[in-house]
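Report on the following structure.
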Amino acid sequence: MRAVIDEQTCIGCGVCADVCPDVFEMNEDGSKARVIADNCDANCCEEAKESCPTESISLEG
Ligand code: SF4
């Protein structure tokens, strides 16, 4: 399973990086999250997806 972030709607809240630090990290100025792993644990990424306040995370595969 791979996570994808919609950078148009991400508000940089940091929740996904807190929930799944192996998969998400904040960019240099903290304004957006980015995906740093090709594979993510389903439970962790489902939780991150559900926790994202702007529904910016989608899961593929
Ligand atoms: S939880 Fe959603 S809005 Fe917050 S940083 Fe992650 S992708 Fe962006």
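Coordinate-derived values only; no laboratory data. Being a predicted model, the structure only gives us computed values, none of them experimental. Every residue, glycine among them, receives a Cβ derived from its backbone with ideal geometry; neighbour counts consider all protein chains shown.
A few comments on the model shown:
- Residues located in region 16-33, provided they are touching a helix residue (DSSP H, G or I) at 6+ places or on another chain (Cβ under 9 Å) and under 22 Å from residue 61 (Cβ atoms): 16, 17, 19, 20, 22, 23, 24, 25, 33
- The number of residues in region 9-31 that are touching a residue at least 24 places away in the same chain (Cβ under 8 Å) and either among the β-branched types (Val, Ile, Thr) or more than 7 Å from the ligand (Cβ to nearest atom) (or both) comes to 6.
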